1. Would you list the strands (runs of 3 or more DSSP E) that sit entirely within the stretch 5-102 and hold 2 or more residues that are closer than 16 Å to D116 by Cα?
2. Being surrounded by fewer than 21 Cβ atoms within 10 Å (Cβ to Cβ), over 12 Å from D116 (Cβ atoms) and not basic (K, R) is the filter here; which residues of the stretch 226-253 pass it?
3. Do you know which residues across the stretch 23-54 are under 25 Å from H263 (Cα atoms) and basic (K, R)?
4. For residues that are out of contact with any strand residue (DSSP E or B) (no Cβ under 8 Å at 6 or more places or on another chain) and part of a helix (DSSP H, G or I), scanning just the stretch 103-114, find the one that is surrounded by the most Cβ atoms within 10 Å (Cβ to Cβ).
5. Within the stretch 16-36, which residues are free of Cβ contacts under 8 Å to residues at least 60 places away in the same chain, over 19 Å from F251 (Cα atoms) and touching a His at 6+ places or on another chain (Cβ under 8 Å)?
6. Which residue pairs have Cβ atoms closer than 8 Å, lie 6 or more positions apart in sequence or on different chains, and pair a first residue in the stretch 178-201 that is touching a residue at least 60 places away in the same chain (Cβ under 8 Å) with a second residue that is crowded, with 20+ Cβ neighbours inside 10 Å and hydroxyl-bearing (S, T, Y)?
7. In the stretch 1-50, how many residues are of a type in the set (A, V, I, L, M, F, W, C), surrounded by fewer than 22 Cβ atoms within 10 Å (Cβ to Cβ) and more than 13 Å from the chain's Cα centre (by Cα)?
8. If we scan the stretch 143-151, do we find a residue that is loosely packed, with under 13 Cβ neighbours inside 10 Å and either closer than 21 Å to R191 by Cα or among the basic types (K, R) (or both)?
Amino acid sequence: MTVNNLTVSYNDEGPDDAQVIIFIHGFPFNKSMWNMQVEALEDHYRVITYDVRGHGGSDAGRVDFSIELFVDDLFRLMEALKIDKTMLCGLSMGGYIALNAIEHAPKSFNALILCDTSCKADAPETKAKRMKAINRIKNNGVEAYADESLSNLFAPESFATMKEEIASVREMIVNTSKESICKTLQALAVRVDTCDKLPDIKVPVLIMVGKKDKITPSSEAQLIHEKINGSILHVIGHAAHLSNIENPYDFNKQLRKFVDLVH
């Protein structure tokens, strides 16, 4: 579909008249990271997954990326699909997009699921790391970056038990263009802090985090939980940053319980 002058790749599963839930993937992945969640929900919900610009099958466009631009793309997609109100689930970068979106249009969302994410802006050392990564990608390409990333994305034990899933995540990264990865790293580095806005969120919120997440540790999830009144926090065992892939059983159980409750 053409959205915001871009070709956007999306999947729309489940009954047309059901409650909508939109999933926003992390960086630098694509909508296929949500396949197991789609399977768990599509019988009773209208489940939409899409590729953020520059990722998966969506065009990158010509402008610099920013979280605000990604949010604008989300709203335009909702408009094109005639969705007035939806539940929103975002992991990592998807969580940044979700928090920014609800701040700008609180009436468009009736629930929020925030996974392995943070409300804080990048600390100076994290910004510096992202800039170094941009230089390394420009010099050495995406393959080396993908291999470096995997050790932070998965829990140590997953490397023995989840070879197939790890290979598929690696493929998602290497299939993202060098330009898109660099532009997204830049966007993540300059994103604004949303922590002060969390008390304004009035919809039901589920926060999930992998117990072994090194990128956005459980302390980040705890902070979000403390600031959003009535939110639910669940720590996913045997998982790091990609908790929905590493422990889909527990992730989907909590997800299903929450959306059925909201529904």
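1. On the way: elements: 10-13, 20-24, 46-50, 86-91.
The strands (runs of 3 or more DSSP E) meeting that bar are 20-24, 86-91.
2. Just the residues of the stretch 226-253 that are surrounded by fewer than 21 Cβ atoms within 10 Å (Cβ to Cβ), to begin with: 226-227, 229-235, 237-238, 248-250, 252-253.
From the residues that got through so far, the ones that are over 12 Å from D116 (Cβ atoms) too are 226-227, 229-233, 237-238, 248-250, 252-253.
Selection gives E226, N229, G230, S231, I232, L233, G237, H238, P248, Y249, D250, N252.
3. Once the filter is applied, which keeps residues that are under 25 Å from H263 (Cα atoms) and basic (K, R), the stretch 23-54 yields K31, R46.
4. Taking the stretch 103-114 as the starting set, the residues that turn out to be out of contact with any strand residue (DSSP E or B) (no Cβ under 8 Å at 6 or more places or on another chain) are 103-107.
Next, only the ones that are part of a helix (DSSP H, G or I) stay: 103-104, 106-107.
Working: E103: 15, H104: 13, P106: 13, K107: 9.
Within the stretch 103-114, the match that is surrounded by the most Cβ atoms within 10 Å (Cβ to Cβ) is E103.
5. Step one: of the stretch 16-36, the residues free of Cβ contacts under 8 Å to residues at least 60 places away in the same chain are 16-18, 31, 35.
Checking which are over 19 Å from F251 (Cα atoms) leaves us with 16-18.
Correct list: A18 only.
6. Close Cβ pairs satisfying both conditions: I181/Y145; L188/Y96; R191/Y96; T194/Y96.
7. Kept after step one, since they are of a type in the set (A, V, I, L, M, F, W, C), are these residues of the stretch 1-50: 1, 3, 6, 8, 18, 20-24, 27, 29, 33-34, 36, 38, 40-41, 47-48.
Filter again for surrounded by fewer than 22 Cβ atoms within 10 Å (Cβ to Cβ), leaving 1, 6, 8, 18, 20, 27, 36, 38, 40.
Retained after the next criterion (residues that are more than 13 Å from the chain's Cα centre (by Cα)): 1, 6, 8, 18, 20, 36, 38, 40.
Final tally of qualifying residues: 8.
8. no
Every read-out reported here was derived from the displayed coordinates using simple, explicitly stated rules and does not represent laboratory data. None of these values were measured; they are calculated from a predicted model. Don't worry about glycine lacking a Cβ; one is built from the backbone with ideal geometry, like all the others, and counts go over all protein chains shown.
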